[in-house]
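A short write-up of the structure that comes next.
Just so it is clear, none of the values below were taken in a lab; they were calculated from the coordinates. Since the structure is predicted, the reported quantities are computational estimates derived from the model, not experimental observations. Here Cβ is always computed from backbone atoms with ideal geometry, including for glycine, and neighbour counts include all displayed protein chains.
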Protein chains: 2
Amino acid sequence: MLWSGWGDPAKARELPDQIRTLLRDLMGVGEPVEAVALEEVRLPRPTLSPAALAELAAVVGAAHVRTDHESRVRHTRGKSTPDLLRMREGDASDAPDAVVLPAGHEEVLRVLEVCSAHRVAVVPFGGGTSVVGGLVAGQGVVALDLGRLDRLVSVDTESMVAELEPGLRAPDAERLLAEHGLTLGHFPQSYEYATLGGFAAARSSGQASAGYGRFDDMVVGLTVATPSGALDLGRAPKSAAGPDLRQLVLGSEGAFGVITSLRLRVRRRPSATVYEGWRFETFQAGSAAMRRLAQEGVLPAVLRLSDETETMIGLARPEAIGSGDSGCLLIAGHEKDRGAAAAVLAEQGGAHLGAEPGQAWEHGRFAAPYLRDSLLAAGATVETLETAGFWSNLPRLYDAVRLTLHAELGSPLVMCHISHVYETGASLYFTVVTNQGLPEWERAKRAVNEAIVTAGGTISHHHGVGRDHSQAYAEEIGPLGVEILRAVKQRLDPQGIMNPGVLIACPPPATG
Amino acid sequence: MLWSGWGDPAKARELPDQIRTLLRDLMGVGEPVEAVALEEVRLPRPTLSPAALAELAAVVGAAHVRTDHESRVRHTRGKSTPDLLRMREGDASDAPDAVVLPAGHEEVLRVLEVCSAHRVAVVPFGGGTSVVGGLVAGQGVVALDLGRLDRLVSVDTESMVAELEPGLRAPDAERLLAEHGLTLGHFPQSYEYATLGGFAAARSSGQASAGYGRFDDMVVGLTVATPSGALDLGRAPKSAAGPDLRQLVLGSEGAFGVITSLRLRVRRRPSATVYEGWRFETFQAGSAAMRRLAQEGVLPAVLRLSDETETMIGLARPEAIGSGDSGCLLIAGHEKDRGAAAAVLAEQGGAHLGAEPGQAWEHGRFAAPYLRDSLLAAGATVETLETAGFWSNLPRLYDAVRLTLHAELGSPLVMCHISHVYETGASLYFTVVTNQGLPEWERAKRAVNEAIVTAGGTISHHHGVGRDHSQAYAEEIGPLGVEILRAVKQRLDPQGIMNPGVLIACPPPATG
């Protein structure tokens, strides 16, 4: 992973000429911006006591407590555009003092004991791909890297459940499961680097969510190490035995503890996936077609609709960026017979475009983060944000986000797609390109958060809360909802060491 | 509802001669037992202060605070067999002092304020159909009857979401939704009397769960009145905005607060449902067929498999009880094309029995509780219990429950069916008939709870925890899980007035 950007530098993408022209002539994006060199990145002076470091080394072994420059830089923040822009400027002021790599559940428990005793904040770190400030805990922090918890522990092909460790990256998990003919079917844009623990802790949703569900749907059991001890949850697919405590850990983003094991629903690998494109006149018409597919229960595995702007720019087909297509492009990926879905799409006014647009999307499906690096290097600010709501409220949400971005950023390029649908609603995923700088973006982002809350949407469909959404999240769940989370955190993490600042803005109140 | 049993007395069922013979000759069940008359039921002396009663009357109106004999009797405990046996003997020692009927959310909030101030326990009461001791809070209690919260508030046919009030009984909810061509598709055995709020608070699952999901799957939003204020949750079908707090309220059984509004996913009413029967040689073979249907995603709306004993007794076909069929009867109810499911059932060795067994099941689908009344009157003890687990663990669970019942009860009749299936597992639902009395049954029930926990199952798939399962539930979620629930209860209900004793056995610790 590129420390100052995304992915394998060998896969970096040149910007197409049309985009360079658009950026310069239409958007007034200025000069290319070079990133500093790794060794020039500025780190804060460590404050972790030698005693604490020694105790951590006693738990995990000295080789697994890292305080070198590169390890600290590579565990600083996540991969949001503000994160990358700060890193490109050499600002690693949120770097952890040390990176600790435990070997398993018991070591995680003991690391949390040491950190509780020394009141050292702990940031669980999987793939480091948070885009919502989920890995920023202030200074004097330990990054708890789960990379050594990387095993496929067991496979139960009768129950179709596999136990996997949280530090497994998604491609490694797929490779291990493929040896058994199995798949999770979870392919978010962060797929190449994100880990299973992160998927669970932040409620990820992948590009095949129409067929495989969200990641939280796949979790049938989990083990969690907290400063107050361990939790082991999930004895059946579903239960009426009280509140579902699995659902309290899912989405908790390391604020309560560290997920150390996951029991996940797996599926047989499909024999083939048939991708295709469809064209709809308007976003509304395409959205209505998706709604019918969801409500009639004939969803393909992959379903994604670009709005007019995203279609025109060609963002759904990275090879075709700048192609200037009209209408709205819908991509469908079928693992079963496509007949029922195709009939609905045609009935709703879709024009079949054949396989090519679908294959192009599939080919470039993990390319967007690379494209962002190129845009940032060209001097543009580009970022994504997302929400979800009930179908009848989607137009209001769509308008609210776009109007706010235009009001805040002058003439940004705002593209949108729907890529996760349910019987009762869907997500909206926006990509924004602007010539404005980081302070202007951050002001606009706060305004959009407020607009989403006011328009009745949820502040995140699959990115999570982190620090960037904690204010909006508090408004979404209300003061009593925040109090519930505080009460749970206080009980599981009385010293407040677990990823402080994520989910709920303030530290828990003093005991009593 | 019959105060000392189930349902409409006019629908009471005579026991077939074969069953009378079986009870007498094979099981040694003794003489018929008469229930006392309603006016002979013994109530505890009320301890609620006149001041508290006056304040409650000021909130809901004097006509909606009831302290008469019949109201108190009718709000005593639920409908488990121990509940009915005690009531038939005239023991209403757990009766509430008063029944309070608020008109809406604001009145519920104010009732909870009054009860918090006077430290009066509150038992939310919907249909009164708990079979796990969910309505037993000791003496000096107020039963909060939700019967006046009975409106269909709104219907959003674009999002397929309806807002309904919690006091609505299921048939009334279906009638109101049918005016819009809609259905919840939720038909548990308690259907005729249970309320929507109870379904949510206890995580009900209905006979068409294979097609419509569990009730908790249908809840996209809810409003809750707690002693600490209101919660309003659910802005989208799914969200990555933190832990799903809806899932903390679902299954909370009134221990945190009172659900005052539900936003539920609805569906179009099916044009027709085709019921049919299949015969499998063994329970294992039928179970394997159900597993394939779930894992291949070709589930009918209704799917239910009786084991050899249940099939022989004919419990799945109340009109045919005592018919002595062999093998295992599977009932399927199709709302869509039955081809894919039928092909799997045939491939797995099922013999198609045609429509008659399916129609017989459908005709008698809500009859079992009436049958229980007749068995109790005949002097038998009959009760149901259930669990769920992953597919590979189901045989162990099945054996553990049966062996324990036989060890505890001599030669009981133990029947089982599978009626809720998932990709990764299923539920097991047992019906037990014995000549033993209540103390022996209660000892056996405790032993079964322990056996389920030891065998790795969940203590309830759809009955809930109540008081009867609180010990097993504590073992299932572990001490730290219990601590989480205590922390949440302490924050939402600092005086501990909400349905004390359900979910978690002990009262919350003192503040601080």
(request) Evaluate the stretch A:256-274: report whether one residue or more is over 28 Å from A:G496 (Cα atoms), more than 7 Å from every other protein chain (Cβ to nearest Cβ), within 17 Å of the chain's Cα centre (by Cα) and assigned to a loop (DSSP other than H, G, I, E, B). (result) no
(request) Could you list, in sequence order, all residues of the stretch A:140-161 that are surrounded by 24 or more Cβ atoms within 10 Å (Cβ to Cβ) and of a type in the set (A, V, I, L, M)? (result) A:V141, A:V142, A:A143, A:L144, A:L146, A:L149, A:M160, A:V161
(request) All but one of (1) assigned to a loop (DSSP other than H, G, I, E, B); (2) touching a Phe, Trp or Tyr at 6+ places or on another chain (Cβ under 9 Å); (3) more than 12 Å from chain B (Cβ to nearest Cβ) hold for A:H180, so report the exception by its number. (result) (2)
(message) Can you go through B:L53, B:L84 and tell me which one is closer than 29 Å to B:S261 by Cα and crowded, with 21+ Cβ neighbours inside 10 Å?
(response) B:L53
(request) Just need a number here: residues in the stretch A:445-473 that are of a type in the set (A, V, I, L, M), facing chain B (nearest Cβ under 10 Å) and closer than 18 Å to A:L397 by Cα. (result) 5
(request) Please work out which one of (1) in contact (Cβ under 8 Å) with a residue 12 or more places away in the chain; (2) of a type outside the set (V, I, T); (3) more than 14 Å from chain B (Cβ to nearest Cβ); (4) over 21 Å from A:D25 (Cα atoms) is the condition A:P439 fails and give its number. (result) (1)
(message) Exactly one of these conditions fails for B:M27: (1) hydrophobic (A, V, I, L, M, F, W, C); (2) loosely packed, with under 12 Cβ neighbours inside 10 Å; (3) within 30 Å of B:V382 (Cβ to Cβ). Give me its number.
(response) (2)
(request) Specify the residue that is surrounded by the most Cβ atoms within 10 Å (Cβ to Cβ); the eligible residues are those in the stretch B:113-131 that are over 15 Å from the mean Cα position of the chain (by Cα) and in a loop (DSSP other than H, G, I, E, B). (result) B:V120
(request) Search the stretch B:222-233 for residues being of a type in the set (S, T, Y) and facing chain A (nearest Cβ under 8 Å), and hand back the single one that is farthest from the chain's Cα centre (by Cα). (result) B:S228
(request) Go through the stretch A:373-401 and give me each residue that's out of contact with any Phe, Trp or Tyr (no Cβ under 6 Å at 6 or more places or on another chain) and farther than 30 Å from B:P237 by Cα. (result) A:S374, A:L375, A:L376, A:A377, A:A378, A:G379, A:A380
(request) Scan the stretch B:474-494 and give yes if some residue there is in contact (Cβ under 8 Å) with a residue 40 or more places away in the chain, surrounded by fewer than 20 Cβ atoms within 10 Å (Cβ to Cβ) and facing chain A (nearest Cβ under 7 Å), otherwise no. (result) no
(message) Can you find, within the stretch B:192-225, the residue that is farthest from A:E253 (Cα to Cα) among those that are of a type in the set (V, I, T) and surrounded by 24 or more Cβ atoms within 10 Å (Cβ to Cβ)?
(response) B:T195
(request) For the stretch B:234-254, enumerate the residues that are within 7 Å of chain A (Cβ to nearest Cβ) and more than 13 Å from A:Q247 (Cα to Cα). (result) B:R235, B:A236, B:P237, B:S252
(request) Could you please give the count of residues in the stretch B:87-104 that are touching a strand residue (DSSP E or B) at 6+ places or on another chain (Cβ under 6 Å), surrounded by fewer than 19 Cβ atoms within 10 Å (Cβ to Cβ) and under 16 Å from B:A225 (Cβ atoms)? (result) 0
(message) Looking only at the stretch A:236-255, how many residues end up being without any contact (Cβ under 8 Å) to a residue 40 or more places away in the chain and either over 25 Å from A:V465 (Cα atoms) or in a helix (DSSP H, G or I) (or both)?
(response) 9
(message) assigned to a loop (DSSP other than H, G, I, E, B) and of a type outside the set (D, E): is that true of B:G221 in this structure?
(response) no
(message) Quick check on this structure: which one of A:L385, A:L397 is of a type in the set (A, V, I, L, M, F, W, C), buried (at least 23 other Cβ atoms within 10 Å of the Cβ) and within 28 Å of A:G30 (Cβ to Cβ)?
(response) A:L385
(message) Looking at A:T431 and the list (1) under 30 Å from A:L299 (Cα atoms); (2) of a type in the set (S, T, N, Q); (3) out of contact with any Leu (no Cβ under 7 Å at 6 or more places or on another chain), which single condition is not satisfied?
(response) (3)
(request) Identify, by number, the condition in (1) outside any helix (DSSP H, G or I); (2) within 12 Å of chain B (Cβ to nearest Cβ) that A:G211 doesn't meet. (result) (1)
